[in-house]
Amino acid sequence: MGSSGDAWKLKDHPKLPKGKTVAVIVLDGWGEAKPNEYNAISVAETPVMDSLKQGAPEHWRLIKAHGNAVGLPTEDDMGNSEVGHNALGAGRIFAQGAKLVDLALASGKIYDGEGFKYVQECFEKGTLHLIGLVSDGGVHSRLDQLLLLLKGAAERGAKRIRVHALTDGRDVLDGSSVGFMETLESDLAKLREQGVDARVASGGGRMYVTMDRYENDWDVVKRGWDAQVLGEAPHHFKDPIEAIKKLRQEPNASDQYLAPFVIVDDNGKPVGPILDGDAVVTFNFRADRMVMLAKALEYEDFDKFDRVRVPKIHYAGMLQYDGELKLPNKYLVSPPEIDRTSGEYLVRNGVRTFACSETVKFGHVTFFWNGNRSGYFDEKLEEYVEIPSDSGITFNVKPKMKALEIAERTRDAILSHKFDQVRLNIPNSDMVGHTGDIKATIEACKAADDGVKMILEAIEQVGGIFLVTADHGNAEDMVKRNKKGEPLLDKNGNIQILTSHTLEPVPIAIGGPGLLPGVRFRTDLPTGGLANVAATFMNLHGFEAPSDYEPTLIEVVDN
Ligand SMILES: O=C(O)[C@H](O)COP(=O)(O)O
Ligand SMILES: [Mn+2]
Ligand SMILES: [Mn+2]
């Protein structure tokens with residue numbers, strides 16, 4: 001699409017008027033499932049969301065939020081915030097990082113690109129370090145991709161390899177880190193048999209070590225830096241499997257929050273600090289939780305923490321994590337090119353836009369929504385508000401999070417009449433759902449519902465329209481189930497808590513005094529998904545969506 005104004009011009013909708021304030025509300029991790037005791041949403045008091053459901057099928061329906069509907073490799077892939085908000089904002093389905101990396105590994109093209117060649121330059125004299133999340137969650141990374149990359153790098157000359165492993169327990173079951181580490185260790189042993197000096201060098205739980213996002217808590221990245229780069233951590237082990245098993249026995253330990261450790265040799269010396277002349281690859285494909293580390297590894301000017309020693313390395317990301325910042329500069333696989341997002345179209349058609357969430361989800365309704373692009377399209381027409389999140393706590397301690405503050409700021413934005421679209425993410429059901437604390441998640445869902453109430457009331461006051469949906473499931477199922485759908489028990493007879501997202505569909509509801517009486521959900525799109533939402537709210541703004549967008553979910557019938 002060219003840069004001329006005309007190319008961006010959206011056609012008027014034949015029946016729907018312009019000028020209504022439209023609130024687009026995303027409840028993070030709010031899926032739809034049968035009511036039962038492990039469905040925190042059904043147990044929680046959620047009168048507002050319950051009343052919206054009564055508008056089915058005209059004003060409430062379910063849409064797909066996982067697998068192919070959001071550009072993931074298979075129908076067994078649960079949805080996540082990145083792909084969910086990308087689809088919501090872009091109105092089309094793009095092959096996502098997980099899939100692009102699969103393809104590049106399968107074809108071998110990953111090794112032909114500039115990124116791999118750059119790291120390969122260090123193989124002769126230096127060490128190749130691989131830093132990332134070791135699990136099969138498929139949200140940020142995948143262990144099978146790491147194993148292929150290890151093999152491929154060894155075949156292409158890497159003689160000394162060190163893996164800096166982050167344990168998961170958030171996109172996969174808590175405790176599964178031991179099994180993933182065993183699989184990794186067995187592949188590293190095979191490489192050692194072939195004469196490659198390949199080992200795990202450090203580790204730690206993803207939420208405590210390295211994988212913070214949106215600059216909520218730089219200490220998390222610093223803990224990782226100390227272990228990975230400096231070779232310093234409070235715990236020293238000779239064997240990574242033993243490290244995980246031992247550290248999991250500490251009080252309140254979990255895979256997500258495992259303490260940082262380094263692996264040492266017989267003399268107690270760390271086996272893999274990152275040194276001048278080494279190569280580093282961060283093997284997560286998803287951006288949000290890698291950007292901070294990428295900045296620490298790449299930026300000369302950096303004041304977020306004292307790096308102590310900044311090694312001269314050749315660094316590449318699995319993908320480029322931020323296209324606008326060109327971060328990192330070198331990468332192994334090109335990211336999806338998510339262009340012509342709804343946010344950009346609407347702004348270029350004069351729609352004044354407000355976006356808001358708290359820090360932990362702020363980039364979801366800005367960066368992910370806008371196709372992994374940071375910043376404004378037009379500062380004069382947009383305002384993005386970040387409410388600072390609490391840091392250094394697990395959110396089951398404060399399940400209300402900042403739902404109220406997000407709702408208040410958004411309410412004020414609506415009542416100010418300064419905006420045509422207000423969009424927001426209410427994080428509670430997701431962030432608290434990930435802790436696996438069912439009681440706290442029930443409170444979290446109530447808080448999210450209270451937030452929706454406040455926004456719907458403001459929309460009522462200004463005669464506007466609301467659209468409420470979610471990016472993927474989480475809180476509606478908090479237990480691991482067998483194929484028959486029955487809760488699974490662990491060896492002690494306790495239920496296995498599910499901290500991850502789910503494969504469930506999510507609700508979408510529309511309403512408000514500004515919605516014309518003839519507007520209703522179409523019945524001919526039973527498999528509609530998140531990518532159909534952008535055309536829907538473009539219509540609610542009085543525009544037709546671009547012709548290559550996934551079709552709108554609504555129609556207007558004459559009453
Ligand atoms: O990064 C996380 O917190 C989880 O892996 C996925 O959650 P999100 O996709 O909802 O952010
Ligand atoms: Mn999410
Ligand atoms: Mn989540």
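The values are calculated or read from the model by the stated rules, or taken from the named source; none is laboratory data. Everything numeric in this text was worked out from a predicted model, so none of it was measured. So basically every Cβ, Gly included, is an ideal-geometry build from the backbone, and we count neighbours across all protein chains shown.
Is it true that ALA545 is of a type in the set (Gly, Ala, Ser), within 25 Å of ALA7 (Cβ to Cβ) and either touching a helix residue (DSSP H, G or I) at 6+ places or on another chain (Cβ under 6 Å) or crowded, with 20+ Cβ neighbours inside 10 Å (or both)? Yes; evaluated as a whole, the condition is true for this residue. A count restricted to the stretch 486-511 and to residues that are of a type outside the set (Val, Ile, Thr) and surrounded by fewer than 20 Cβ atoms within 10 Å (Cβ to Cβ) stands at 11. Does the stretch 373-383 contain any residue that is hydroxyl-bearing (Ser, Thr, Tyr) and more than 19 Å from the chain's Cα centre (by Cα)? Yes, that holds for at least one residue.
Residues in the stretch 255-295 that are more than 13 Å from ligand 1 (Cβ to nearest atom), out of contact with any helix residue (DSSP H, G or I) (no Cβ under 7 Å at 6 or more places or on another chain) and not in a loop (DSSP other than H, G, I, E, B): VAL264, PRO270, ALA294, LYS295. Listed conditions (1) in a helix (DSSP H, G or I); (2) more than 16 Å from ligand 2 (Cβ to nearest atom); (3) under 27 Å from ARG373 (Cβ atoms); (4) not acidic (Asp, Glu) are all met by ALA95, apart from (1).
Would you confirm, using the coordinates I've provided, whether LEU346 is of a type in the set (A, V, I, L, M, F, W, C) and modelled with pLDDT under 95? When the stated conditions are applied, LEU346 does not pass them.
State whether one or more residues within the stretch 225-233 are within 26 Å of MET78 (Cα to Cα) and either within 16 Å of ligand 2 (Cβ to nearest atom) or part of a loop (DSSP other than H, G, I, E, B) (or both). No: the stretch 225-233 contains no residue that is within 26 Å of MET78 (Cα to Cα) and either within 16 Å of ligand 2 (Cβ to nearest atom) or part of a loop (DSSP other than H, G, I, E, B) (or both). Of all residues in the stretch 396-420, those being surrounded by fewer than 20 Cβ atoms within 10 Å (Cβ to Cβ), on the phi < 0 side of the Ramachandran plot and in a loop (DSSP other than H, G, I, E, B) number 6. Considering the stretch 548-559, the residues that are buried (at least 22 other Cβ atoms within 10 Å of the Cβ) and under 27 Å from the mean Cα position of the chain (by Cα) include one that is farthest from TRP8 (Cα to Cα), namely LEU553.
For the stretch 397-416, does any single residue satisfy the condition of being within 12 Å of ligand 1 (Cβ to nearest atom) and closer than 24 Å to ASN474 by Cβ? No, the stretch 397-416 has no match at all. Of all the residues in the stretch 128-147, those that are over 19 Å from ASP288 (Cβ atoms) and outside any helix (DSSP H, G or I) number 4. Take LEU52 and decide whether it is of a type in the set (A, V, I, L, M), more than 16 Å from ligand 2 (Cβ to nearest atom) and in contact with a Phe, Trp or Tyr (Cβ under 7 Å, 6 or more places away or on another chain). Answer is yes for this residue. Only one of the listed residues (ASP471, ASP490, ASP477, ASP524) is acidic (Asp, Glu) and at pLDDT below 95. That residue is ASP490. Residues of the stretch 183-216 that are closer than 17 Å to LEU149 by Cα and among the charged types (D, E, K, R): GLU185, ASP187, LYS190, ARG192, ASP197, ARG199. Evaluating ARG423 against the criteria (1) within 16 Å of ligand 1 (Cβ to nearest atom); (2) buried (at least 24 other Cβ atoms within 10 Å of the Cβ) leaves one unmet condition, (1). Note on the stretch 25-45: residues that are within 14 Å of ligand 2 (Cβ to nearest atom) and in a loop (DSSP other than H, G, I, E, B) amount to 4.
Residues in the stretch 342-395 that are in contact with a helix residue (DSSP H, G or I) (Cβ under 7 Å, 6 or more places away or on another chain) and in a strand (DSSP E or B): 11 in all.
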